[in-house]
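Chemist: One structure, pasted below without further comment.
The values are calculated or read from the model by the stated rules, or taken from the named source; none is laboratory data. Since this is a predicted model, take the numbers as computed values, not measurements. Every residue, glycine among them, receives a Cβ derived from its backbone with ideal geometry; neighbour counts consider all protein chains shown.
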Amino acid sequence: MNGNTITVLGNLTKDPVLKYVPTGKAVINFAIACNHGWRDRESQAWVEGEASFFKVECWDALAENIAESFRKGDPLIVVGRMTCRKYEQEGQTRESWEIRADTVGPDMRKRSASLRRVLRNNHGTEPAPDSDCPQPMTDSDEDESMDVSPLTPAPDLAVAS
């Protein structure tokens with residue numbers, strides 16, 4: 001990652017739609033809403049603040065994994081770089097700021113997740129054959145691979161005053 005990064009926590013505003021550009025690269029664009037709220041000390045009521053919306057762009061395997069994993073309303077953590085796109089509209093130069101994501105994951109404060117390793121071939125487009133998949137460790141493998149000798153307590157050290 002080059003340059004400054006931004007980390008944003010928010011909820012996915014709609015189901016992400018995976019697309020492919022003419023070169024075959026996967027891309028996904030979505031928005032997240034960051035709701036800023038607080039608890040009023042006197043009334044103990046929750047006060048909703050203004051929401052901020054961020055556009056996010058993801059490419060390649062990240063885009064494909066997002067399409068498989070997340071749906072509208074899911075709480076996400078997005079880490080990436082802010083980029084500015086300039087475009088012409090009605091003869092005026094406009095700017096649109098968005099996050100070019102380096103990584104996206106679930107906000108584990110609000111959800112739990114089950115992870116599944118996705119293996120792809122060298123081109124990143126198709127799953128690798130099952131024979132290439134590593135096998136899960138068994139209890140006997142774990143016993144052989146780890147030295148589990150008992151720990152001995154450290155000697156007491158006297159502190160001179």
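Chemist: Suppose the filter is among the β-branched types (Val, Ile, Thr) and either touching a Phe, Trp or Tyr at 6+ places or on another chain (Cβ under 6 Å) or free of Cβ contacts under 8 Å to residues at least 12 places away in the same chain (or both); does Ile32 pass it?
Modeler: yes
Chemist: Quick one: which of Pro75, Pro16 is in contact with a helix residue (DSSP H, G or I) (Cβ under 9 Å, 6 or more places away or on another chain) and either surrounded by 11 or more Cβ atoms within 10 Å (Cβ to Cβ) or in contact (Cβ under 8 Å) with a residue 60 or more places away in the chain (or both)?
Modeler: Among Pro75, Pro16, only Pro16 is in contact with a helix residue (DSSP H, G or I) (Cβ under 9 Å, 6 or more places away or on another chain) and either surrounded by 11 or more Cβ atoms within 10 Å (Cβ to Cβ) or in contact (Cβ under 8 Å) with a residue 60 or more places away in the chain (or both).
Chemist: Would you point out the residue of region 71-98, among those that are closer than 10 Å to Lys55 by Cβ and touching a Cys at 6+ places or on another chain (Cβ under 9 Å), that is modelled with the highest pLDDT?
Modeler: So, considering only residues that are closer than 10 Å to Lys55 by Cβ and touching a Cys at 6+ places or on another chain (Cβ under 9 Å), the one modelled with the highest pLDDT is Glu98.
Chemist: Would region 91-103 turn up any residue that is touching a Leu at 6+ places or on another chain (Cβ under 9 Å), within 25 Å of Lys19 (Cα to Cα), of a type in the set (Ser, Thr, Tyr) and assigned to a strand (DSSP E or B)?
Modeler: yes
Yes/no matrix, rows are residues, columns are (1) free of Cβ contacts under 8 Å to residues at least 40 places away in the same chain; (2) within 24 Å of Arg117 (Cα to Cα); (3) surrounded by 16 or more Cβ atoms within 10 Å (Cβ to Cβ); (4) touching an Asp or Glu at 6+ places or on another chain (Cβ under 6 Å):
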{"position": "Asn4", "(1), (2), (3), (4)": "no, no, no, no"}
{"position": "Asp60", "(1), (2), (3), (4)": "no, yes, no, no"}
{"position": "Glu64", "(1), (2), (3), (4)": "no, yes, yes, no"}
{"position": "Gln92", "(1), (2), (3), (4)": "yes, no, no, no"}
{"position": "Val104", "(1), (2), (3), (4)": "no, yes, yes, no"}
